[in-house]
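The values are calculated or read from the model by the stated rules, or taken from the named source; none is laboratory data. What you are looking at is a predicted structure, and each value in this text was computed from that prediction instead of being measured. No Cβ is skipped: glycine too gets one built from the backbone with ideal geometry, and neighbour counts run over all protein chains shown. For accessibility, only protein heavy atoms count, side chains too; no ligands or nucleic acids. Shrake-Rupley method; radii C 1.70, N 1.55, O 1.52, S 1.80 Å.
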Amino acid sequence: KPAGAVAVDGVAVTADGAEVAGATYTKETDATGRARVRFVLPPEVLAGDVRVTVAFRTATGTERATARVPVIAN
């Protein structure tokens, strides 16, 4: 079952192991358990390794979910 209306405590984005600053995100998941995250990648992502970690506040504490973001090089 989707976790709707869960607080989003923070978002961390890395590109090739380096932190990407300036990510914005919704402060709560919607009814389907989704949160919107927006960020701008640096001009060069050589290895194409981009990861997004989202921290959620739950009744039992903070939980984190990490996912790779596919990047297609020019």
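Couple of notes before you dig in:
- Of the accessible area of the stretch 6-74, computed with a 1.4 Å probe over protein heavy atoms only, carbon and sulfur atoms account for 52 percent.
- Accessible surface computed residue by residue for the chain, with neighbouring protein chains in place and a 1.4 Å probe, gives 74 Å² per residue.
- Restricting the stretch 1-55 to trypsin sites (Lys or Arg not before Pro) that sit in a DSSP loop and have at most 14 other Cβ atoms within 10 Å of their own Cβ leaves LYS27, ARG34, ARG36.
- With the gyration tensor restricted to C-alpha atoms of the chain, the semi-axes of the equivalent ellipsoid amount to 26, 12, 11 Å, longest first.
- Distance from the stretch 42-74 to the stretch 1-35 (C-alpha centre basis), Å: 9 Å
- Low-density loop positions, GluC sites (Glu not before Pro), the stretch 1-53 - DSSP coil, at most 13 other Cβ in 10 Å: GLU44
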